[in-house]
Amino acid sequence: MSLQHLYNKPFILFICGFAFWGIVTLSSCYNHRHNYKKIFRYNESSGLASLDPAFAKNKQVMWATHQIYNTLVEIDSNMQLQPSLANSWSSSNNNLTFTFHLRNDVFFTNDACFVKGIGRKLTAYDVLYSYKRIIDKNTASPGAWIFNNRVDSVNGFIAINDTTFQLNLLRPFQSILGILSMQYCSIIPKEAVDKYKNDFRRHPVGSGPFSFVAWEEGQALILKKNQTYFEKDAEGKPLPYLDGIKVSFYDSKATEFLAFQQNNLDFIDDIDPSFKDEVLTKTGSLKNIWHNTIHLQKKPYLNIEYLGILVDSNNEFVKKSPLRLQKIRQAINYGFDRKKMMLYLRNSIGIAAESGFVPAGLPSFDTNAVKGYHYDIIMAKKLLAEAGYPEGKNLPEIKLLTVPIYSDLGTYIANELLQVGIKVQVEILQKSLLMEQTAKSQALFFRGSWIADYPDAENYLSVFYSKNPAPPNYTRYKNAAFDLLYEKAVAESNDSIRYKLYQRMDQIIINDAPVVPLWYDMAIHLVHLNIKDFTPNSLNLLELRRTKKILYNDDIY
């Protein structure tokens, strides 16, 4: 994310006719001020494609829509399910039917789509409409997969009355509750879609903590506090505490960092490699010069970085590759130092992946239950010899496909494996081409990552379920024992039992080695000291309902 440099104090763009504040042209309102408004400011360097939650397939849309909409259930900072629009829920004995009891005090924000412009009460019929819209082919939502082949196509969604909603599954799938917390499942009013049609993507109407004011694409998005929001804090004070949010869209990471230094942004998500050494020590701590200026936040992030290996024995590419041999794949896993990699290439941002494919941050993660690979050059050479290639003699060169931003990572691993006797050629591709080749089973050895859609290890283990296509099964992995455990786990409602099943499956994956886990990621934020109660979670979802901003005397908005 980055921000075009602003050489004076941050600003808010006004709209004439808004009693509070809003946006018009960037030039005419540049010097207007709001001295006492608590506006949270961040930047999205990749821009924003839509504010329609049916298209919340990336972080940019997810962050924005999370402020505007609510879901039936949500995930807290400890990755536990909590009520949101639904006060409570229950499941049938066969785990096929889930019944949700909704709050009766939630209203959509005022908008011209409603009668007399007054926001109406949200009901179970809005949930019914929102979910059906996701799977409607005319919507063309990239999120349709969350319900397809899981929910009964005829009676999958039922509004029993205004406050009772029922969801019916084709087969038990306990992770459905986590799926319902995704931004795809945000609840929207039909009136807004009917009125704004294709323009609904840029005119959202929700029930969330903030409401839409204006969006000048490529320039700024402005949201304001929803004065009728239903949530309150422990003392009975209404949420949110902030008066509004301003999102900028500038594409220079250097100017974003400069704007942050000048207090024109309240936080930065992640640290660009070009200035990470300026901010962080090699061990991942904030350098002393920054201690009195900013705060560093780090938390496990549900993302694993890995190298994938195509293992489909029927593929002609695989038949001719040494990677078809399990011991070669295991030798690669033993053949490089992940901890040194993290220290010198990542400034210790992340955790060396020496357990399974399922990353740290999930309740089922347990390094004692799942034993992964550590650096052991002797073991790597032993496995290489057992595979028929002592010291790498006669072993064909292996091509590793990656993208430009990870070229240094590829070079590091290639140099390390050369000491074992494994020759690796690093080939740099554009992301779109690499994705195309992995989807078509044309990439034998490739760099990949998997970010959780919802906080359950099933989301990661589904990557290896043989009945899944690519995506997500890019390696074309197939193991009957793994598949049986997977099917048993997704139907298991007891968390403790399900977690043990996940761990057994993860260990199978590690032993078969269709992947080379690299590191478990971390969400990392640089935050100004006047921002309080701003806590990242393992999904790296931007949560601002309870965030506070202390205004300094010289702040001008």
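The values are calculated or read from the model by the stated rules, or taken from the named source; none is laboratory data. Source: prediction; values computed, not measured. Here the Cβ is made from the backbone with ideal geometry for all residues, glycine too, and neighbour counts use every protein chain on show.
Details
Table: residues versus (1) touching an Asp or Glu at 6+ places or on another chain (Cβ under 9 Å); (2) modelled with pLDDT of 95 or more; (3) not assigned by TED's automatic domain parsing to the domain that holds residue 342.
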| position | (1), (2), (3) |
| --- | --- |
| 387 | no, yes, no |
| 392 | no, yes, no |
| 396 | no, yes, no |
| 415 | no, yes, no |
| 418 | no, yes, no |
| 425 | yes, yes, no |
| 448 | yes, yes, no |
| 453 | no, no, no |
| 483 | no, yes, no |
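- Checklist (1) at pLDDT 95 or above; (2) within 20 Å of residue 363 (Cβ to Cβ); (3) among the charged types (D, E, K, R); (4) part of a loop (DSSP other than H, G, I, E, B) applied to residue 476, failing item: (2)
- When residues of segment 472-483 are limited to those that are in contact (Cβ under 8 Å) with a residue 24 or more places away in the chain and either of a type in the set (Ser, Thr, Tyr) or in contact with a helix residue (DSSP H, G or I) (Cβ under 7 Å, 6 or more places away or on another chain) (or both), the one nearest to residue 173 (Cα to Cα): 482
- Picking from residues in segment 445-462 that are touching a helix residue (DSSP H, G or I) at 6+ places or on another chain (Cβ under 8 Å) and small (Gly, Ala, Ser), the one that is surrounded by the fewest Cβ atoms within 10 Å (Cβ to Cβ) is 462.
- For segment 238-246, the criterion of being part of a loop (DSSP other than H, G, I, E, B), in contact (Cβ under 8 Å) with a residue 40 or more places away in the chain, crowded, with 21+ Cβ neighbours inside 10 Å and not hydroxyl-bearing (Ser, Thr, Tyr) is met by at least one residue.
- Residue under evaluation residue 544, criteria (1) modelled with pLDDT under 95; (2) hydrophobic (A, V, I, L, M, F, W, C); (3) not assigned by TED's automatic domain parsing to the domain that holds residue 360, criterion not met: (1)
- Test: residue in segment 260-267 that is under 26 Å from residue 360 (Cα atoms), at pLDDT 95 or above and hydrophobic (A, V, I, L, M, F, W, C): yes
- Taking each residue of segment 391-419 that is more than 21 Å from residue 375 (Cα to Cα) and looking for partners that are assigned to a strand (DSSP E or B) and among the polar types (S, T, N, Q) with beta-carbon atoms closer than 8 Å, six or more apart or interchain, yields 397/425; 399/425.
- Among residues of segment 409-463, those that are of a type in the set (Lys, Arg) and more than 20 Å from residue 330 (Cβ to Cβ), counted: 2
- Among the candidates 258, 286, 280, 265, the residue that is in contact with a His (Cβ under 9 Å, 6 or more places away or on another chain), in the same structural domain as residue 39 (by TED's automatic domain parsing) and surrounded by 21 or more Cβ atoms within 10 Å (Cβ to Cβ) is uniquely 265.
- Qualifying helices (runs of 4 or more DSSP H) (wholly inside segment 280-378; at least 1 residues being small (Gly, Ala, Ser) and modelled with pLDDT of 95 or more): 326-334
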